[in-house]
Amino acid sequence: MTLVLKIGGSILTDKNRKLTARPDEITRVAKEIAIHPNDVVLVHGAGSFGHIPAKKYGLPHEFDRAGLRVTHSSVAKLCEKVVEALSLAGVECLPVHPLSCLYLRGGRIDSFFMEPIKEMLTNGIMPVLHGDVAMDATGKAAIVSGDQLVAYIAKAVQAEVVAVGSNVDGVLFSGKPLSRITRKELSQVESAIVGSAGVDVTGGMRGKLLELLDLADLGIDSMIFNAGIEGNIARVLLGECVGTRIGRAN
Ligand code: IPE
């Protein structure tokens, strides 16, 4: 049984301040993951380590070589912090940088060399991926969000649990989290969906939902939950449904 878990950059960093990690939150998240680390693929968001440099260099709309280098090395630094916290919490894990193992076409993942990830899982190692810059066949380079990675990986490994943690209680409608949403309801709630607070170049809550609805169309349900509330990460890893369930319309 494979679980794909994303922890949003809004939890791990201060999204408004350049290169500002939240070390206490990174440690807390790592400890919760350590409760059930088996067969988990972890994807983390870029937060201020990605969105701020990306915006500064005009990515993904402009092709800027220095911008790619600066943004990648910045998100790789955040990944290093996550890997370190996980290993301190007793989880064997390895970083997997999307820039080096996938190729985009028009901003969407076209090919992804996933064998190392599968091999890590088989051998009790948690792969740790993150939102990143990536080369693109049609636009030279672009950004691959953690949410796109989650949907792609969940499909490739036929994940049983797919959970996307952010700093809100789920998909909020009139201030309250919906318990379930399908593509059918999207048009009714779309205008009320609040984007993410802070600098965000990958579409905030709307982008997240669209990725997960595509996944639901393939028969894989997921959830959007609040990873900022202590205990929620452990609950989802133990199979509980927390937050808003993203499912297929009947
Ligand atoms: C964004 O990744 C990647 C870059 C800006 C380089 P995400 O979209 O997954 O990051 P968060 O979760 O919003 O911080």
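The values are calculated or read from the model by the stated rules, or taken from the named source; none is laboratory data. Since the model is a prediction, treat every value here as computed from it, not as a measurement. Virtual Cβ from ideal backbone geometry, glycine too; neighbours counted across all protein chains shown. The protein model used for the area step is the full one, side chains on, heavy atoms only, and it has no ligands, DNA or RNA in it. Shrake-Rupley method; radii C 1.70, N 1.55, O 1.52, S 1.80 Å.
Looking at the stretch 152-181, which of its residues are open to solvent by 80 Å² or more (accessible area, probe 1.4 Å) and in contact (Cβ under 8 Å) with a residue 40 or more places away in the chain?
Selection gives 155, 158, 160, 167, 179, 180.
When you check residue 134 against the structure, is it closer than 26 Å to residue 16 by Cβ, outside any strand (DSSP E or B), in contact (Cβ under 8 Å) with a residue 24 or more places away in the chain and under 17 Å from the mean Cα position of the chain (by Cα), yes or no? Spell out how you get there, then give the answer.
Numbers: closer than 26 Å to residue 16 by Cβ: yes; outside any strand (DSSP E or B): no; in contact (Cβ under 8 Å) with a residue 24 or more places away in the chain: yes; under 17 Å from the mean Cα position of the chain (by Cα): yes.
When the stated conditions are applied, residue 134 does not pass them.
Test residue 128 against the stated conditions and say whether it is open to solvent by less than 10 Å² (accessible area, probe 1.4 Å) and in a strand (DSSP E or B).
yes
Just checking, does the stretch 24-33 include any residue being in contact with a Pro (Cβ under 6 Å, 6 or more places away or on another chain) and either free of Cβ contacts under 8 Å to residues at least 60 places away in the same chain or under 17 Å from residue 120 (Cβ atoms) (or both)?
No, there is no match, as no residue in the stretch 24-33 is in contact with a Pro (Cβ under 6 Å, 6 or more places away or on another chain) and either free of Cβ contacts under 8 Å to residues at least 60 places away in the same chain or under 17 Å from residue 120 (Cβ atoms) (or both).
For the stretch 61-113, which positions are open to solvent by 90 Å² or more (accessible area, probe 1.4 Å), more than 16 Å from the ligand (Cβ to nearest atom) and closer than 24 Å to residue 20 by Cα?
84, 88
Where in the stretch 13-108 are there strands (runs of 3 or more DSSP E), lying fully within it, with 1 or more residues that are over 28 Å from residue 236 (Cβ atoms) and in contact with a Ser or Thr (Cβ under 9 Å, 6 or more places away or on another chain)?
102-105
State which residue is farthest from the ligand (Cβ to nearest atom) when the search covers only the stretch 1-13 and only residues that are open to solvent by 10 Å² or more (accessible area, probe 1.4 Å) and touching a helix residue (DSSP H, G or I) at 6+ places or on another chain (Cβ under 6 Å). I'd like the intermediate steps shown before the answer.
Narrowing the stretch 1-13 to residues open to solvent by 10 Å² or more (accessible area, probe 1.4 Å): 1-2, 6, 10.
The next check asks that each one be touching a helix residue (DSSP H, G or I) at 6+ places or on another chain (Cβ under 6 Å); those that pass are 2, 6.
Working: 2: 20, 6: 7 Å.
Going through the qualifying residues, I end up with 2.
Spot the failing condition for residue 91; the list is (1) touching a residue at least 24 places away in the same chain (Cβ under 8 Å); (2) under 18 Å from the mean Cα position of the chain (by Cα), and only one is missed.
Looking at each condition in turn, residue 91 falls short on (2).
Restricting attention to the stretch 24-33, does a residue exist that is farther than 20 Å from residue 144 by Cα and over 18 Å from the mean Cα position of the chain (by Cα)?
Yes, some residue in the stretch 24-33 is farther than 20 Å from residue 144 by Cα and over 18 Å from the mean Cα position of the chain (by Cα).
Output the residues belonging to the stretch 217-230 that are among the small types (Gly, Ala, Ser) and under 21 Å from residue 176 (Cβ atoms). Show your work before the answer.
The initial filter retains those residues of the stretch 217-230 that are among the small types (Gly, Ala, Ser), namely 219, 222, 227-228.
Of everything in the stretch 217-230, those that are among the small types (Gly, Ala, Ser) and under 21 Å from residue 176 (Cβ atoms) turn out to be 222, 227, 228.
Could you grab me the full set of residues in the stretch 17-47 that are buried (at least 24 other Cβ atoms within 10 Å of the Cβ) and farther than 27 Å from residue 118 by Cβ?
Within the stretch 17-47, just 47 meets the criteria.
Search the stretch 114-148 for residues being among the acidic types (Asp, Glu) and within 16 Å of the ligand (Cβ to nearest atom), and hand back the single one that is nearest to residue 11 (Cα to Cα).
Ranking the qualifying residues of the stretch 114-148, first place goes to 147.
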